Structures are given as C-alpha cells and as structure tokens.
Amino acid sequence: MPDHPLPDCFPPYDEAGQPQVPIEGYAATARRNPARALFRRPHTRTELTGPLDPAAKLVPGEGNLAVPGPGRVALGQLIHISGRVLDEDGRPVRGAVLEIWQANAAGRYANPLDAARDAPLDPNFVGHGRVATDAEGRYGFFTVKPGAYPVPGGPGRWWRPPHVHVSVIGPSSLSRLVTQMYFPGDPLNPLDRILNALPDPAARERLIARQTDPAEVEGEWLAYRFTLVLRGRRATPPLP
Amino acid sequence: MSATGSRSGAPLPPTGWQTLGPFFPQALFRDGVDNDLRRRRAGAPPTARGVPIRLRGRVLEEGGGPCVNALVEAWQADAGGRFRHPLDPDWREADPDFLGWGRALTDAAGRYEFLSVLPGGYRDAAGPRAPHVNLAVLASGVMRRLVTTAFFPGFAAANAADPVLSALPDPALRARLVAKDEGEAEGARIFRLDLVLRGDPETETPFFLD
Ligand SMILES: [Fe+3]
C-alpha cells in the first residue's frame, strides 16, 4: 500500500509541449497514427487508477549498464544519469519503475532488429536497465554516452543525436510516460526531427539533460541530471 | 527544487512524450509473465477468482502490415469490478491476488496476447461501466501512446450504457471495440481484438484522447 498521496487530477496535455505528427522523413508516423481524430472520453476509475506497486511485477535490476561484471567495462564515455520523478505539483513520485535503453558508444543497439549497419556491438555494454525511484523520487543509472546513428530509409536521410530512451510507469495509467533524454550542446539536437516534433522550445529544452560541473563529480563518470515530470495533480489520500 | 519549478508555485509542465522507437529491448519483456495480468508479483500464482481469458490480436499499421516490437499495455478491474487503489471506494473488497496490469511485446506478425480474467463492471460517477480492459499501444512512429478500450460480447445492455463506449458517436465504431468471441482453449475463454492504428474509415480502430 502506498504511504504517499496519489495524484487524482489529470489536466489535458498542452499540445505545444507534446509531439505533433506526422514527422517528415519518419514514415512510420504517417502509417501508425489514426487518420480519425481522437475521441474524448470521461476519466472513470479505470483511467484514473493504476498498479500501486509496478516494481513487484517489473523487478528492478542493477542500474549499471556499463560494467556488467568484474573487469568488464563498456567502451565509450562513462556517464551517470540521475534525477527525480515528480508530479505536476512538484511532489516526488516514489516507487515508479524507470527503464532506459540506448545505443552503445558506436551508435548500435544490442537488439537483433538493429542490424542494418556495420557499427560494432560491444559485448561489455548491456544496453538497457531498470530501477525504481526511492522515497524522494530519485533514480540513477551508470552507463555510457550513446553514439549518434543514421535513421535508415530512403531519400533525405537524417541522424538521431545521442539519446537515451526512458520509460516511466507511475502511479496512474494517465501518468504513463515514454520519452528520450538528450545531451546538452550536441550539434545534432537542433536538426533532430523527433525532438523538434515538440512545438514549444521550452518543452524541447526540458528533454535535454543538464551536465553537472565535472569539478564537483567524484570518480570516473561524467554526470548528467534529468528531471521527469509525470502528468497528475492534487492528492488522493493513501489507503489506510 | 530543480530549475523546472517550485513546490508552491505554478504546476510543473509534464515532460514531453517521445516515441518508443523500434528498438525496445526484448530483454525487458518476459513472455508469459509480464503479459499475465493475474499475478500480483513475478513468481506469484495466478488469482483463483474469475473466468480465465486470453485477450489477443494484432497491432497493424496502414496497409495492414504488422507493428513489430510494439508494446501493448493493459489495465483492468478484477472479476468483481474492483481496483486495489484508493480511488476505488470498495478497494477493500478487491481481489488481493490480482494485479490487473500487464504488457505484451508484439512478435514479427504484430501479435499480442494477455492472460487475465473476465473483468467485472462497476458503477462510476460517469455512469455504469461495462466489463472492459483499457489498452495502450506504444511503437515506433507512435509519438504518444494510443489508448483504447476492449469490451466483451455478451454484455449488450451493459455495453450500450457504458459512458466510454458511448463517447463514440457511431454504432459501427462502438462495435469495433467489442472483442470477438473465439471460443475456449487451454482452460480460458478466447477473445480477439485487432488494433488498427491507421486504416480506412471502415477498419481503423477508434482511439481516445489520453
Ligand atoms: Fe533510439
């Protein structure tokens, strides 16, 4: 049972802060989004609720993608990604399940579906991880900075900037979030069609992690901070 | 607090969605476990309450091709129509062994399948809810999850009164969200609902504003 309040009010998304489709040069966005407008529905109990303890089902793992065993270290720039998961009222979301997956330093996914290119796999890079947030909504992953990769397909080929895919399963169905984290200052960021599908520049900026001053970081990992805000306001009291 | 806002001030804008992309790791999905809604936690036995069902179908794109390596997520009430959640006034009566949440990863043919129990209906402030399973699709090219609801045949009166199904203006669209009864197999009732993310007006699945 949760010992923290759960959001029960889910304002509609601000469209300027959410991706618009279709995206030129990303054909799947034209084939996989409804032609018909979405229908408004009331938010009943099924929409407002969700599993209270998703980590019981999706068991968190190590959170270290870059060092799979003793003496084994992935190639590339070692980085640490950390931050907090908050609701729209700024309250920490505890017990949320965070999953990340990403390309290795060469821009290749450890996924049999990513087989179109010659970029090498790295046997020491896991490529995915899962953790749960703590009581303050904090999370953290050790990984490597992913490489950029070209988007396969026809004319007008373009490149994805380095990015980390992030999935968050929070306290309500309506607070579900899947997004991508980008790196500050990358010259591919302003050219990325997926990041730029968000019309509001401030919303795009919020998908770019902030680098912690390297002088303040101990150890061999460059550190990035990435705050995630899940949809949802107001608090329902927890179960007694 | 972070630079994104303050606890006492204006609400923080929710983080923008981005696509799942084509490479969601198969290693993050355990077939037969993650898509089994009947187990409270990994390794727990399935609940003994309710009529076992398998809800299955294909996720299809325009032209009828399969959406491969897509996630379908499911959330539903237990067999008695309860949620173990503080927003359900009757949460104490909820089945303690039932989770009601799961996700499936589509195969090369775009197929998904959930193991669950037939959900119960319940009374909601918005109206009487018929038995239903909420579904969300995440896939490459889908920039924000697409949400819809599966209803069940054999509940014509309850379906007709359901406030979410009634949000669809056209009877043909409402019929498209009622899963097909495919009999019984492996001790479960089989229901099918294909999810056509985009298609001609006669086939496209109706989706709701999230
Ligand atoms: Fe990617």
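The values are calculated or read from the model by the stated rules, or taken from the named source; none is laboratory data. This one's a predicted model, so the numbers in the text were calculated from it and none came from an experiment. Here the Cβ is made from the backbone with ideal geometry for all residues, glycine too, and neighbour counts use every protein chain on show. Ligands, DNA and RNA are excluded from the accessible area calculation, which covers all protein heavy atoms including side chains. Shrake-Rupley method; radii C 1.70, N 1.55, O 1.52, S 1.80 Å.
Between B:L197, B:L28, B:L135, where does the largest GNM mean-square fluctuation fall for chain B, given springs only between Cα atoms within less than 10 Å? Per the Cα network of chain B with a 10 Å cutoff, B:L28 tops the list. Averaged over the residues of peptide A:104-110, the number of Cβ atoms from other protein chains lying within 10 Å of each residue's Cβ is 1. Amide H contacts of B:V117 (H built 1.01 Å from N, in plane; Pro and chain starts excluded): B:I53 sit under 5 Å, all sequence-distant by 5 or more or on other chains.
Apply the a/c threshold of 1.5 to the C-alpha gyration tensor of the protein assembly as shown and tell me whether it is rounded, prolate or oblate. Prolate, because a/c is 1.5 or more and a/b exceeds b/c. For chain A, the spread of Cα coordinates along the three principal axes comes to 52, 47, 34 Å, biggest extent given first. Taking every alpha-carbon pair within the range A:40-86, the share separated by more than 18 Å comes to 60 percent. Is the shape of the range A:157-240 rounded, prolate or oblate, going by the alpha carbon gyration tensor and its root eigenvalues a ≥ b ≥ c, with a/c under 1.5 for rounded and a/b larger than b/c for prolate? It comes out oblate by the Cα gyration axes.
For the range B:82-96, putting each phi into the Karplus relation 6.51 cos²θ - 1.76 cosθ + 1.60 with θ = phi - 60° gives couplings of 10, 10, 7, 7, x, 7, 9, x, 9, 4, 5, 8, 5, 5, x Hz, in residue order, rounded to whole numbers and with x for Gly and Pro.
Can you give the convex hull volume of the alpha carbon atoms of the range B:3-117 per residue, in Å³? Working shown, then result.
Values: hull volume 20.6 nm³, N = 115.
Expressed per residue, the convex hull around the Cα atoms of the range B:3-117 is 179 Å³.
The fraction of accessible area contributed by carbon and sulfur in chain B is 53 percent, rounded to a whole number (1.4 Å probe; ligands and nucleic acids excluded).
Distances between every pair of Cα atoms in the range B:56-179, grouped in 10 Å steps from 0 to the bin holding the largest one, split as 13, 39, 35, 13, 1 percent.
Taking a Cβ cut-off of under 10 Å around A:P51, the surrounding Lys, Arg, Asp and Glu residues balance to a net charge of +2, with basic ones at +1 and acidic ones at -1. Counting only Cα atoms, the range B:19-69 measures 41, 25, 15 Å along its principal axes, largest extent leading. For the set A:H163, A:H80, the ranking by accessible area, highest first and with no ligand, DNA or RNA atoms included, is A:H80, A:H163 under a 1.4 Å probe.
For the segment A:87-94, counting C-beta atoms of other chains within 10 Å of every residue's C-beta and taking the mean gives 4. With Cα atoms defining each centre, the range A:198-230 and the range A:115-150 are spaced 15 Å apart in the structure. So what is the calculated 222 nm ellipticity per residue for chain B, using -39500 (n - 2.57) for each DSSP H run with n of 4 or more, over all residues, to the nearest 500 deg cm²/dmol? Per the formula, -1500 deg cm²/dmol.
Buried area at the B:A interface is about 7900 square angstrom, summed over both chains, from accessible surfaces computed with a 1.4 angstrom probe.
When the Cα atoms of chain B are aligned to their principal axes, the ranges along those axes come out at 54, 46, 41 Å in descending order. For the range A:158-170, 3J(HN,Hα) computed residue by residue from phi via the Karplus equation (6.51, -1.76, 1.60; θ = phi - 60°) reads 9, 10, 7, x, x, 7, 10, 6, 10, 10, 10, 10, x Hz, glycine and proline entered as x. Structure remark: mean-square fluctuation, Gaussian network model of chain A, C-alpha springs under 10 Å; the largest value among A:T46, A:T212, A:T143 belongs to A:T46.
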